[in-house]
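Here the structure is laid out as structure tokens; the discussion comes afterwards.
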Amino acid sequence: MEHFMRELVYYIAVTIDGRISGPGGEYDFYPQGDEGQAAAYSAWMNERFPETVPTMMRAAFGLEGAPNRQFDTVVMGLGAYRPGLDLGFTSPYAHLRQYVVSSTLGPSPDPAVTVVAGDPLGLVRSLKQEEGKDIWLCGGGKLAGAVWPEVDRLVVKSYPVVAGDGIPMVDGKFDPTVFAVTERKSFDNGVVVTWFDRRR
């Protein structure tokens, strides 16, 4: 749905102890449930958020050519971009406008990806002034902390696992922020997805 003053939506998977990945960026420890449970969860989420499936995986999920439902832009930190880059995928979300916030990456490895070396808050504020669909904040925790004042909505996929250590969902300053729960859905594999809107 296109509207003026797009919203910044942090759509993220989180452990019980608030980690989005392990200390080395690991995320393969998230429990998926049995084959049927995993398939049902994946199908529901992919139908609701097709644009969050990486371009190279879309055909496998029957999403090739699927329209973007909520987002037309993705903003990610180097930690979120690096796993795909290490596998040779320089444009992981080719169906979206892609921004990578990093002071160390250097020139963009792909013309479809804009590297922003500083001022992520300024970037997000300028993107929100444009017309279009919402902006997906893909992670990680440091970037979420840096743009926290502009996060309008959280879509938190809570998995029944404790990481013990790792990257926090928001790595910023102490800033208690109240959100309202607008939707919640539980799945048989133990995942609970909650939509939170910031109370302005």
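When each of Thr73, Thr52 is tested for being at pLDDT 95 or above and in contact with a Lys or Arg (Cβ under 7 Å, 6 or more places away or on another chain), the lone residue that passes is Thr73. Looking at Tyr81, is it touching a residue at least 12 places away in the same chain (Cβ under 8 Å), within 21 Å of Ile167 (Cβ to Cβ) and in contact with a Leu (Cβ under 7 Å, 6 or more places away or on another chain)? Answer is no for this residue. Look at the range 34-76 and say how many of its residues are among the small types (Gly, Ala, Ser) and within 14 Å of Tyr93 (Cβ to Cβ). Looking only at that region, the number is 1.
So, Val161, is that one surrounded by 14 or more Cβ atoms within 10 Å (Cβ to Cβ) and in contact with a strand residue (DSSP E or B) (Cβ under 7 Å, 6 or more places away or on another chain) or not? Against the criterion (surrounded by 14 or more Cβ atoms within 10 Å (Cβ to Cβ) and in contact with a strand residue (DSSP E or B) (Cβ under 7 Å, 6 or more places away or on another chain)), Val161 does not qualify. The set of residues from the range 188-200 being within 25 Å of Met76 (Cβ to Cβ) and in contact (Cβ under 8 Å) with a residue 60 or more places away in the chain comprises Val191, Val193.
Looking across the range 4-59 at every residue that is out of contact with any Gly (no Cβ under 9 Å at 6 or more places or on another chain) and of a type in the set (S, T, N, Q), the one that is nearest to Arg153 (Cα to Cα) is identified as Thr52.
Each residue in the range 163-184 was checked for being in a strand (DSSP E or B) and free of Cβ contacts under 8 Å to residues at least 60 places away in the same chain, and 6 pass.
Let's see how each residue does on (1) acidic (Asp, Glu); (2) under 27 Å from Gly33 (Cβ atoms); (3) crowded, with 17+ Cβ neighbours inside 10 Å:
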residue	(1), (2), (3)
Asp152	yes, no, yes
Gly172	no, no, no
Pro176	no, no, no
Val181	no, yes, no
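Let's see how each residue does on (1) crowded, with 19+ Cβ neighbours inside 10 Å; (2) touching a strand residue (DSSP E or B) at 6+ places or on another chain (Cβ under 6 Å); (3) closer than 24 Å to Glu131 by Cβ:
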{"position": "Gln37", "(1), (2), (3)": "no, no, no"}
{"position": "Trp44", "(1), (2), (3)": "no, no, no"}
{"position": "Pro54", "(1), (2), (3)": "no, no, no"}
{"position": "Ala59", "(1), (2), (3)": "no, no, no"}
{"position": "Arg69", "(1), (2), (3)": "no, no, yes"}
{"position": "Val75", "(1), (2), (3)": "yes, yes, yes"}
{"position": "Tyr81", "(1), (2), (3)": "yes, yes, no"}
{"position": "Gly88", "(1), (2), (3)": "no, no, no"}
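Number of residues in the range 113-152 that are part of a loop (DSSP other than H, G, I, E, B) and closer than 20 Å to Asp72 by Cβ equals 4. With respect to the stated conditions, Leu127 is out of contact with any helix residue (DSSP H, G or I) (no Cβ under 8 Å at 6 or more places or on another chain), touching a residue at least 40 places away in the same chain (Cβ under 8 Å), over 22 Å from Val191 (Cβ atoms) and not acidic (Asp, Glu).
The values are calculated or read from the model by the stated rules, or taken from the named source; none is laboratory data. This is a predicted model, so every value here is computed, not measured. Note that each Cβ is placed from the backbone with ideal geometry, even for glycine, and that neighbours are counted across all protein chains shown.
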